[in-house]
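Notes to accompany the following structure.
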Amino acid sequence: MKKEDLIERSIEMRKKAYVPYSKFPVGAAVLTKSGKVYTGCNIENAAYPVSLCAERVAIFKAVSDGETEFVEMAVSADTKRPVSPCGSCRQVMSEFFQPETTIHLTNLQNQLKTVTMEELLPFSFQPDDLPPSL
Ligand code: THU
């Protein structure tokens, strides 16, 4: 799949965002190793902290469908610079992505910043860091 198509899917997904509080729609699209695309938008809640970001919605939809291996992701928002995923989303990405997995960060001015997982969250806490007994 072309990165432009994955980016387009993420931009399209902003239309589904449930953002009555921030009015800041974000869209995400993640490509699985098996070739499927899962999309996500941010979903907010009147109890603000339980809101969920677009990136995690996309990844959790895939994982709940049995897909845990990913090769590429795109995230889009109407930001001045390419959108920067929050720390919680970076940690969730690092659970499933390889250090070299690419993430395309975009905005509505077609600015694109492509980073690897390792660049987005270096020295991340990994499943391997847990003691073997767990
Ligand atoms: N948000 C995302 O969905 N992804 C990001 O990368 C940045 C922030 C959402 C969370 C909240 O619904 C709104 O944007 C404002 O923070």
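The values are calculated or read from the model by the stated rules, or taken from the named source; none is laboratory data. What you see is a predicted model; the values in this text were computed from it and never measured. Positions of Cβ are generated from backbone atoms using ideal geometry, with glycine treated the same way; all protein chains shown enter the neighbour counts. Keep in mind that these areas ignore ligands, DNA and RNA; they rest on the heavy atoms of the full protein, side chains included. Shrake-Rupley method; radii C 1.70, N 1.55, O 1.52, S 1.80 Å.
Which residues in the stretch 68-82 place their backbone N less than 20 Å from a point set 7 Å from the Cα of L130 along the Cα-to-Cβ direction?
Of the residues in the stretch 68-82, 68-70 have backbone N under 20 Å from the label point off L130.
Below 8 Å between Cα atoms, with a sequence gap of 6+, how large is the relative contact order for the chain in percent? Can you show the working numbers first?
On the way: 269 pairs, mean separation 26.7, N = 134.
Reported as a whole number, the value is 20 percent.
So, in nm, how far is label R81 from label S34 when the simple model puts each one 7 Å beyond its Cα toward the Cβ?
It works out to 3.8 nm between the two label points.
Give me the compactness ratio for the chain, meaning the Cα radius of gyration over 2.2 N^0.38 Å.
Rg over 2.2 N^0.38 Å, computed on Cα atoms: 1.02.
So what is the accessible area of the chain per residue, in Å², with the probe set to 1.4 Å?
Per residue, the chain has 57 Å² of solvent-accessible surface.
Check cross-link reach from K61 to the aspartates and glutamates: straight Cα distance under 13 Å, and skip same-chain residues fewer than eight apart.
By straight Cα distance, K61 reaches E69.
So which lysines pass the test for K3, namely a Cα distance under 17 Å, with those fewer than 8 places away in the same chain ruled out?
K33, K36, K113
Normalising by the residue count of the stretch 15-62, find the relative contact order in percent from Cα pairs under 8 Å and 6+ residues apart. Walk me through the numbers on the way to the answer.
Details: 86 pairs, mean separation 16.6, N = 48.
The normalised contact order for the stretch 15-62 reaches 35 percent.
For the chain, what is the mean residue ellipticity at 222 nm derived from helices alone (per DSSP H run of n ≥ 4: -39500 (n - 2.57); sum divided by total residues; nearest 500 deg cm²/dmol)? Walk me through the numbers before you get to the answer.
On the way: 4 runs with 36 residues, N = 134.
One gets -7500 deg cm²/dmol as the mean residue ellipticity at 222 nm.
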